[in-house]
Structures are given as structure tokens and as C-alpha cells.
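The values are calculated or read from the model by the stated rules, or taken from the named source; none is laboratory data. Here the structure is a predicted model, which is why all the values come from computation and not from measurement. Counting neighbours? That spans all protein chains shown, and the Cβs are built from the backbone with ideal geometry, glycine included. Each accessible area value is taken on the protein alone, full model and side chains, heavy atoms only, with ligands, DNA and RNA left out. Shrake-Rupley method; radii C 1.70, N 1.55, O 1.52, S 1.80 Å.
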Amino acid sequence: MAGAIIENMSTRKLCIVGGILLVLQVIAFLVGGLIAPSPTTAVPYMSVKCIDVRKNHHKTKWLMPWGPNHCKKLKDFDEAVSRQIEANDIVFAVHIPLPSKEMSPWFQFMLFIMQLDIAFKMDNDLKENAEITLDVSLAYRDNMFDDWEEIAHAIEIRKLKCTFGSPKTVESEGRHYDCDFLPFMEIGSVAHKYYLINIRLPVNDRKGINVGIGEIKDIRLVGIHQNGGFTKVWFAMKTFLTPSILIIMVWYWRRITLMTRAPVLLEKVIFALGISMTFINIPVEWFSIGFDWTWMLLFGDIRQGIFYAMLLSFWIIFCGEHMMDQNERNRLSGYWKQVGPIAVGSFCLFIFDMCERGVQLKNPFYSIWTTEVGTELAMAFIIVAGICLCLYFLFLCFMVFQVFRNISGKQSSLPAMSKARRLHYEGLIFRFKFLMLITLACAAMTVIFFIVSQVTEGHWKWGDITIQVNSAFFTGIYGMWNLYVFALMFLYAPSHKNYGEDQSNGDLGVNSGEELQLTTTITHVDGPTEVYKLARKEAQE
């Protein structure tokens, strides 16, 4: 009777914990959906055509599109022809931000894409597979009266991909091509108030530079940066979650060190998962408000890569530890076939990211998408990554099904046990199934919510309430994985319950003064739980 009461209390506690986590998960989504603004803002910029007729002008002063010291402007290229101004003397200038505004470190990053307005002309047609050469420079200043300081200068080549929807006849002259956007620039910090971009299109007929690119009318840029309001909400979540995970990690590891045996593999993996989650949570981004740390985007990618590699490894080991026999269980070497590809794939992702954002630390105008080989490699990577994600999810579902089948197969032996022991085993199996289903739900929710955020307009409006879907995705999924790691360490910490082997009349051998923990799921003080034994016997049979 006492055992039944204890197990019912334990199950009830588990349901309470699950309810609390669900409430916190809803709050995480609502924080992004109702409090935070949209994660990013896109700002269109129209370049101003400036005249620079000085010798060696490529290494001289900067040309401003507006303001007290603005450049001499051209209305269009017809004016340049009438005034006999050469193409090499024309500079496309873009000031960031727009007039009467300032950039802020809270914007975190700047991403720019380029759109070219190219008109069709019979005597200056756009050649197939044409490439445009850009002589680009980026500068900054923090006061409207300071001199511009150069950040980067590069000569970049972009391949033009344009279509023309009308017949190429005289009647179609002046109509514009439909051209794809071109990657232009990405910088990992916004440490200054004002930025200036000067773009030149050098022409050299002998070398074939910028020949056969059509008649370029204008250059447009679209600047994308993170919203300051979203950044503040994001930093606040990180600051709150960091001590929460740290506290549960200390508590979890302390319970492990109190045991008389060494930690088992699954306990080590759960602790490593907590460390990787803490690595993401630590709000080092606060320093980016005061320091020009352009490597923060790369650092963020590395942190996420470590966490996802640990998460994928944990799922494999978590399922495997409930299917393998005694000879293979509790050894990392037994999982080299599954964990090895995860490590290799993570290393490949790291190399790929270094080839993109690593190079951008020195040259923000670089993009792996600008070359034919780079584009094919990047697209192949995205397609393969999507296929692998789907296959991994299906493989995970299959492993979960096997574990459920193993445990369910042994449930037929439970009626032969004493009532107290049977209730104890049923509670263990219930908690195990509970966490397995939560794992599947988290993985499915991540995929589903990501797809929803991509296909919607970015926000839903219900009456007077506007829900920012993209912000809710970021805060909700981020909070979800923190709660998941928290639940893992809380529910799977070693228990100090002592179930005696010799029982009579359905009584459990538990001292009346000994606290019964909710966390009895994997290991007791002196060894693995009966869930492992049940699964192991089924696997051996």
C-alpha cells in the first residue's frame, strides 16, 4: 500500500513538472510573439551616381551622396554621355543609414544584397554568363564632421543571372532585365553610427572587364539588420536562462558525485549536453554593445554547431542505451558508427562556415555564392543537409519504436511481481516513455515551426493583437531546448531510493525518513535501473 502511494505521488509530481514546463514553453513563445518586434528589418537604398574626375581617384577621398560635402551628381547616364564623362569616373555612393538616422550596436550585424537595374539596348546587349567587376570600398565614422575611416576595400566579381521577357527588338529598347539579387556584403557588428559605401565599375575593353554587361541604369542595395528591440529581448532571455541551467547542472553533477559508483555513459552525455547548452546561453553578446567584435556571427555558428552535435549524439546514445546488451552498453566506443558521422559532419560544417564567414572577417564583400563552384557546393550542402535532417528524424522515430517495443514486450512479466514492485516498474516505464515522446515533440516542433515561419508573412494579426511569428520561432525554440535540457537533468539525476530485493506483502524496503525523489529513471546509487534490465533482456532474446 505504501509503495502504491509513493509511486502515485511520484507520477503526480512528474505530471506537475510537465505542466510547469509546458507553461514556461508557452511563455517563451509569447515573449517573442507579443513582446519582441520582428527579428530583422530590411531597408532599401538607392545609390547616387557621383562624378570623380581626379587622377588616382581610387585611393583618395570618399564621395558622399548627400550632406554638406556631397559629391557632384549625375541624374542619369545620358547626362554622362552628353558631358563626356567616362564610366571609370562614375562612383555609386550609398550612405548607411538614411538621412536623420543612426546605426546602433544593438543591430548586431549588417547584411546587404545588390540589385542592378539593367536596360536593354541593341548596341549594348547583355551577354550570356556575363560577369560584373565591382571595385568596392567601405568606411565608417561616428560623427557627421569626422573624416571617413576605411574598413575594407576589395575588387569582387559577380555573375549576372538575368532574363528578358520581351523580344530583343528595337521596340524593346529601354526595358529592364529581370535580374537575380546578388550577395554584396556581410559584417558581424554594427559598432559605428555611420557607414559609407563607394562602388565603381571599372571598364577595360582590352581585358574584357565590365564589357557586355548591358546598360546599367542604377544600383540598388537592400540592407538587413537585427532589430534593436528583438536584440534586447534575446539578451534578456540569455541572461535569465544562463543561471537556470548552471544551477541545475551543479545540482545534477553533485548527485552523481554522491554515488558509490562511477558515472555511466548516459549521465556523462547528459552533463555534456548541459555544458553545450550553457555555452550557447552565456550572454557574451553583451560585450558586442561596447566592442567591435566582427567575429560574433562565426562564434555563434560554432556554439550552435557544438550544441546540435551533442544533441544528435545524445539521442543516439539515449536510444541505444535502452536497446543494447550488457556487453555493448555504457561504452562510447560502441557508438562510433553513429557518433562518428555526426563528428565528421560537424567538422565539415565548421570548415564550410570558415570558408564563408571566416573569410568575411577580412573581406566583408566575399561570398562563396559568387563563383560557379561555390554556388554548386553551397546548394549541394543545403540539399544534402535537408535530406539528412529528414532521414535522421525518420531514423530517430524508428529507434524510439524499437525501444518502446522492447519495454512493452517485457511488461507481460510485470503481473508476476509484487504489487509494490510492479507499480515501481510501471512508474519507471511511464517516465521513460514520457521523455521519449517529449524528445520527438521537440524535434517535430522545431521542424514544423521553422517551416511555418518561412511560408508566412512574418506576423499574424488577430483583431488588435499582432503576433510576430518569426520572433516567436526564435524565442520559443530557444526556450524549448533549454527546458528540454533542464528536464533531462532534473528527471534523470541519480536517485537515492533503495528498493529492497526481499519484499513481502507488497511493501517496499524504504526507510520512513528517507526522501523519495522524482528522478528515479536511469540509475540508482549502486547500478542501473530495472528499465535497463528489462530492455537488455528483450534485446538478448
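Okay, here's what the table says:
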| read-out | value |
| --- | --- |
| All positions within region 355-381 that are among the hydrophobic types (A, V, I, L, M, F, W, C) and open to solvent by 70 Å² or more (accessible area, probe 1.4 Å) | L361, W369, V373, L377, M379, F381 |
| Out of K101, K121, sole residue that is modelled with pLDDT of 90 or more, in a loop (DSSP other than H, G, I, E, B) and either touching a His at 6+ places or on another chain (Cβ under 7 Å) or assigned by the TED database to the domain that holds H176 (or both) | K101 |
| Complete set of residues in region 327-357 that are of a type outside the set (V, I, T), part of a helix (DSSP H, G or I) and more than 17 Å from the chain's Cα centre (by Cα) | L332, S333, G334, Y335, W336, K337, Q338, G340, P341, A343, C355 |
| Filter result for the condition that a residue is open to solvent by less than 50 Å² (accessible area, probe 1.4 Å) and in a helix (DSSP H, G or I), over I316, I247, I275, I302 | I316 |
